[in-house]
Structure formats: C-alpha cells, structure tokens
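Take a look at the structure below.
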Amino acid sequence: MSNLKEQKLVPLSYDFMFKSLFGSEKNKHLLAFLINTLLNINIKEEDITIKNNEFIKIDKVDKKKTVDLIVHVKNIGYVNIEVNRNLDKTKLIRNETYALDNFSHQLT
C-alpha cells in the first residue's frame, strides 16, 4: 500500500480531471449537482445528455474549437462548461468568443 504523502493530487481545474469526473455517463449525478449548484436550478440526471464538445467547423479555415463539456438539459437547452485554472483576461476573452461564435451560428 502506498504512503499518502507520496501521492500527488491533481486539481479538478485540469481538463483531464474535470472531464473524467463530470463528463462520464456513470457520473451524471455529479454533473447534475454541478449544474444545479451553478445555475440555481433543479434538474435530475435523467434530464442531461452529454454532447460532443467540439464546435462544428463552418469554414475550412476555421480552427478546431472545443469546450470542456457541452450538455443538453431537457426543457432548458444547451449548457457549455469551460473550466480554467487561472482567470487571465486572454482566456476569458477566448471563452466569450467561443460562446458568441457558437451562438451566432444558431441564428437564422
């Protein structure tokens, strides 16, 4: 058995850890809890469908764009979840740009 002092904890703010915990079907109850807590709503895990986290490329010159999770919530719509370890202005602007770009392509 390994000594706890030898083990390192990886924070949930790392994409791999966040996606492993909240992006799996077996942990949808945790994802429902997270969404309920952040959005102050009351949904069940049955109301959640985890979607592909890659945005559709509209043009051949578009870069590949992803967020950490895209979730469809029954009777509410889509929720894009992006977690960052540090909140520098550049990352916040990038996140806003992704969200606005995604939203603008849904308009007719």
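The values are calculated or read from the model by the stated rules, or taken from the named source; none is laboratory data. Given the structure is predicted, the values throughout are model-derived calculations rather than measurements. Methodologically, a virtual Cβ is constructed for each residue, glycine included, from the backbone with ideal geometry; neighbour enumeration extends over all protein chains shown.
Laid out as a table, the results:
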| read-out | value |
| --- | --- |
| Residues of the stretch 3-29 satisfying the condition of being surrounded by 13 or more Cβ atoms within 10 Å (Cβ to Cβ), more than 15 Å from I70 (Cβ to Cβ) and modelled with pLDDT of 90 or more | N27 |
| Hits in the stretch 35-55 (condition: surrounded by 18 or more Cβ atoms within 10 Å (Cβ to Cβ) and in contact (Cβ under 8 Å) with a residue 40 or more places away in the chain) | I35, F55 |
| Residues within the stretch 10-31 that are in contact (Cβ under 8 Å) with a residue 40 or more places away in the chain and within 20 Å of H72 (Cα to Cα), tallied | 6 |
